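Structure, as structure tokens:
The values are calculated or read from the model by the stated rules, or taken from the named source; none is laboratory data. Just so it is clear, the model here is predicted, and its values are computed rather than measured. FYI the Cβ positions are ideal-geometry reconstructions off the backbone, even for glycines, and counts take in every protein chain you see. These area figures cover heavy atoms from the full protein model, side chains too; ligands, DNA and RNA do not enter into them. Shrake-Rupley method; radii C 1.70, N 1.55, O 1.52, S 1.80 Å.
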Amino acid sequence: VSLLKNFRSTDSIIEAARDLIQYNSGHRLEKRMEHGKSYHEGERGDIYQLAFQTRVEEVEFIARKIKELSGCKYLESVDDENGDKFYRGLDWCDFAILVRTNATARDFIDIFEREGIPFTARGTAGLFERHDIHFLQLVFNYFSDSEIWTREGNISCSIADLKTYYEQNINKRRWRKIKSTLIELKKEIDKGNRFYPQHIYQQILHAMGVEEDLFNEGQLYDFGRFSQLILDFETVNEWVSKNRLKSFVYFLNGYASSRIDIGGLDDPTRLNTVTIQSIHKAKGLEYPVVFIPDLATGRFPSRRRNHKPDIYLTNIELSRFTSRDLGERRLFYVGVTRSEKFLFLTMAQDIYPRPPRPSVYFNEYTHDILLVDNVPDPTKRKHIKPDPKTILEIIPTTFTDLQYFLKCPYDYLLRKLMGFSPTIDLSFGYGLQIHNLLNRIHTESQHVVPDENEVDKLTEDEFFLRYTRGQIFDNMKNKAKSIIKNYIKSFKGDFPLKLETEKPFEFVLQDALISGQIDLITKINPETNELSDVNLIDFKTEKKEGRRERSPVNRLQLRLYAIAAGKALGLNPVETNIHYLSDNIRFDVDISEKKLSEAKKTINNAVQGIKRRKFVKKPGTHCEKCDFTLICSKKN
Ligand code: SF4
């Protein structure tokens with residue numbers, strides 16, 4: 001494969017881009033990009049270049065085009081061997097709006113919200129521009145009796161202010177339910193007792209209708225990003241009461257809302273939303289449909305392209321830090337070549353008091369099939385059911401993540417892609433502490449069975465729960481001691497046979513790179529020096545379910561470990577065990593060839609489900625213990 005060949009875009013996109021970049025020649029020998037094996041033919045109506053009278057017309061055109069092309073039959077791939085063609089209908093994730101500066105992104109938020117187009121605005125300007133997220137900011141200010149300061153004056157956050165904002169910008173009908181929830185929550189917070197911010201947050205979302213599926217994937221993703229902000233706060237504030245909440249609100253008002261960049265996923269196409277992002281961050285990404293708006297003089301190329309940084313330094317050549325014409329044109333080139341087929345270059349003439357002209361790139365980027373009038377698409381296109389594209393590359397994952405997917409794909413979506421954090425409660429970190437203590441005991445015992453005093457001392461020194469204090473903490477510590485002592489009493493044999501504890505592994509299984517760590521590996525036969533025949537043991541702090549161990553997920557985990565031990569660690573697992581510490585019982589797991597091959601199939605199905613975005617809700621008895629029960633309708 002030649003690195004200079006572009007395998008994404010149609011010949012028309014590439015030919016026009018090649019001509020454009022010629023304008024940079026003379027300064028630097030440009031690489032000549034050729035169009036390689038593209039699946040798509042360029043057709044009239046694929047590329048438009050339009051100057052609108054107003055910004056409103058420009059963004060309305062873009063919203064309309066997205067809807068028009070949604071479901072457009074699109075050639076996804078061709079089988080190299082037999083030439084079979086695979087089609088799908090374009091879905092939200094196939095559209096990208098690439099902006100020169102993040103400020104331009106703001107202009108799309110209102111219309112996309114109004115038109116119900118799911119979107120993700122990456123970068124600093126995105127999150128708090130969304131009305132739902134700004135409303136949440138107001139709510140937390142209300143809880144802590146604070147106001148938002150702005151240059152234009154303070155924004156007060158009384159319940160009446162919240163009502164006005166909510167009804168004007170979000171939903172006219174749900175206010176009564178939200179109001180009663182907010183008043184109840186505030187009453188609790190005002191008592192000055194400890195509370196759990198994620199739990200409060202989920203109750204607000206519940207009242208806003210998240211569990212009724214009133215929000216699209218883009219909105220959910222931004223709610224997940226807000227949950228991450230709460231997690232950032234919880235991580236350094238173990239004990240949250242009303243006083244402490246004020247510092248969270250200062251963090252939101254003074255920093256997060258203006259500066260923080262929590263763009264989340266490296267590859268935004270993993271969500272089924274329209275992406276709005278800066279061209280700078282689009283390198284390496286590709287979309288069937290790309291819009292580059294705001295192509296007006298002064299905007300792109302930027303009027304500041306020759307401005308040096310506003311600092312006084314005599315010993316540094318500051319012009320190095322300017323983008324200049326060459327850099328701006330290269331940036332535009334990056335933008336247009338993100339498109340696989342459809343490309344819309346637009347501008348508006350009412351953005352300054354004096355109407356700007358179209359960018360110089362309007363003249364430089366030309367092609368026979370390019371249309372410069374806002375005429376209907378001259379090519380007849382077939383429409384089928386929209387279907388998001390499949391992620392093609394190998395996905396890195398862990399058994400824990402796959403376990404979430406197997407339990408309920410929607411849980412996986414909320415947790416792993418949207419970034420929702422579960423509520424932190426008193427027992428948070430307890431299981432990890434027990435695992436750490438067992439690891440230390442095994443490591444320090446040097447194959448000799450430790451006595452009870454050693455367990456007491458180690459637990460006193462090491463046991464730590466970040467979010468728990470007082471009597472509850474002492475109870476949990478004592479419970480940990482007794483669990484470990486019972487284990488040592490009943491399973492002394494583990495100590496002389498120990499080979500490894502917390503052994504990490506990483507290996508490729510079909511389309512996934514799976515990593516994890518095995519709690520304990522012991523030799524099978526102490527008499528021989530055969531080190532590769534081993535027993536794999538996984539410790540569980542949860543109680544076993546029912547009279548016998550029936551959890552298929554736990555058995556799957558041990559089978560995966562058996563595969564990993566063979567593939568990644570060069571071991572020969574002869575036995576595998578699940579050890580329930582609270583009951584101090586150990587169960588053998590069948591790792592016959594047949595069972596291992598079934599396990600591979602199950603894991604591969606889960607990986608394919610993730611790659612194909614099959615995030616359906618899978619309700620069952622596990623919903624009772626689900627971290628997201630307040631924000632899930634439990635219906636598909
Ligand atoms: S409540 Fe049930 S259906 Fe909903 S995410 Fe949790 S496990 Fe899945």
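Observations, loosely collected:
- Pairs where the first residue, in segment 143-161, is in contact (Cβ under 8 Å) with a residue 24 or more places away in the chain and the second is in a strand (DSSP E or B), C-beta under 7 Å, 6+ apart: I148/N154; I148/I155
- Screening T602, T576 for residues that are assigned by TED's automatic domain parsing to the domain that holds E502, over 30 Å from F491 (Cα atoms) and not in a loop (DSSP other than H, G, I, E, B) leaves exactly one candidate, T602.
Here's the yes/no breakdown for (1) charged (D, E, K, R); (2) without any contact (Cβ under 8 Å) to a residue 40 or more places away in the chain:
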position: Y580; (1), (2): no, no
position: K594; (1), (2): yes, yes
position: A606; (1), (2): no, no
position: V616; (1), (2): no, no
position: D627; (1), (2): yes, no
position: I631; (1), (2): no, no
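- Tallying residues that are of a type outside the set (V, I, T), within 19 Å of E188 (Cβ to Cβ) and surrounded by 21 or more Cβ atoms within 10 Å (Cβ to Cβ) within segment 235-259 yields 2.
- Within segment 112-144, being open to solvent by less than 10 Å² (accessible area, probe 1.4 Å) and polar (S, T, N, Q) holds for T120, Q137, N141, S144.
- Hey, F495 within 22 Å of D456 (Cβ to Cβ), buried (at least 19 other Cβ atoms within 10 Å of the Cβ) and touching a residue at least 12 places away in the same chain (Cβ under 8 Å) or not: no
- The one condition from (1) in contact with a strand residue (DSSP E or B) (Cβ under 6 Å, 6 or more places away or on another chain); (2) not in a helix (DSSP H, G or I) that D590 does not meet is (1).
- Among strands (runs of 3 or more DSSP E) entirely within segment 62-158, having at least 1 residues that are closer than 19 Å to R225 by Cα singles out 119-121.
- Just one of (1) in contact (Cβ under 8 Å) with a residue 24 or more places away in the chain; (2) within 24 Å of G224 (Cα to Cα); (3) touching a Phe, Trp or Tyr at 6+ places or on another chain (Cβ under 6 Å) fails for N171. It is (3).
- Qualifying residue in segment 553-568 (condition: within 16 Å of the ligand (Cβ to nearest atom) and not aliphatic (A, V, I, L, M)): no
- Residue match in segment 384-406 (condition: among the hydroxyl-bearing types (S, T, Y) and in contact with a Phe, Trp or Tyr (Cβ under 8 Å, 6 or more places away or on another chain)): yes
- Whether a residue is at pLDDT 90 or above, among the aliphatic types (A, V, I, L, M), in a helix (DSSP H, G or I) and open to solvent by less than 40 Å² (accessible area, probe 1.4 Å) was assessed, and L536 does not pass this test.
- Filtering L402, L438, L458, L432 for residues that are open to solvent by less than 10 Å² (accessible area, probe 1.4 Å), farther than 26 Å from Q219 by Cα and either small (G, A, S) or out of contact with any His (no Cβ under 9 Å at 6 or more places or on another chain) (or both) leaves a single hit, L438.
- Test result for N436, outside any loop (DSSP other than H, G, I, E, B), without any contact (Cβ under 8 Å) to a residue 12 or more places away in the chain and polar (S, T, N, Q): no
- Within segment 358-396, if we keep just the residues that are exposed (fewer than 13 other Cβ atoms within 10 Å of the Cβ) and farther than 22 Å from T10 by Cβ, the residue that is nearest to the chain's Cα centre (by Cα) turns out to be P396.
- Of the residues in segment 417-426, none is charged (D, E, K, R), open to solvent by 60 Å² or more (accessible area, probe 1.4 Å), away from the ligand (no atom under 16 Å from the Cβ) and not assigned by TED's automatic domain parsing to the domain that holds I518.
- Matching entry among E43, E60 (being crowded, with 16+ Cβ neighbours inside 10 Å and modelled with pLDDT of 75 or more): E43
- Test result for L560, open to solvent by 10 Å² or more (accessible area, probe 1.4 Å) and within 28 Å of T390 (Cα to Cα): no
- Pair list, Cβ under 6 Å, 6 or more apart: segment 353-379 residue in contact (Cβ under 8 Å) with a residue 24 or more places away in the chain, other residue in a loop (DSSP other than H, G, I, E, B) and of a type in the set (V, I, T): P356/T297; R357/T297
- Matching residues in segment 88-111 - criterion: being open to solvent by less than 10 Å² (accessible area, probe 1.4 Å) and modelled with pLDDT under 85: T104, A105, I109
- Applying the criterion of being more than 26 Å from the chain's Cα centre (by Cα) and of a type in the set (S, T, Y) to the residues of segment 570-610, the residue that is nearest to D387 (Cα to Cα) is S597.
- Output for segment 592-610, where each listed residue is touching a helix residue (DSSP H, G or I) at 6+ places or on another chain (Cβ under 9 Å) and either within 7 Å of the ligand (Cβ to nearest atom) or charged (D, E, K, R) (or both): K595, E598, K600
- Count of segment 386-416 residues which are away from the ligand (no atom under 13 Å from the Cβ) and part of a helix (DSSP H, G or I): 4
- Hits in segment 611-624 - residues which are more than 7 Å from the ligand (Cβ to nearest atom), within 23 Å of the chain's Cα centre (by Cα) and surrounded by fewer than 17 Cβ atoms within 10 Å (Cβ to Cβ): R612, K614, V616
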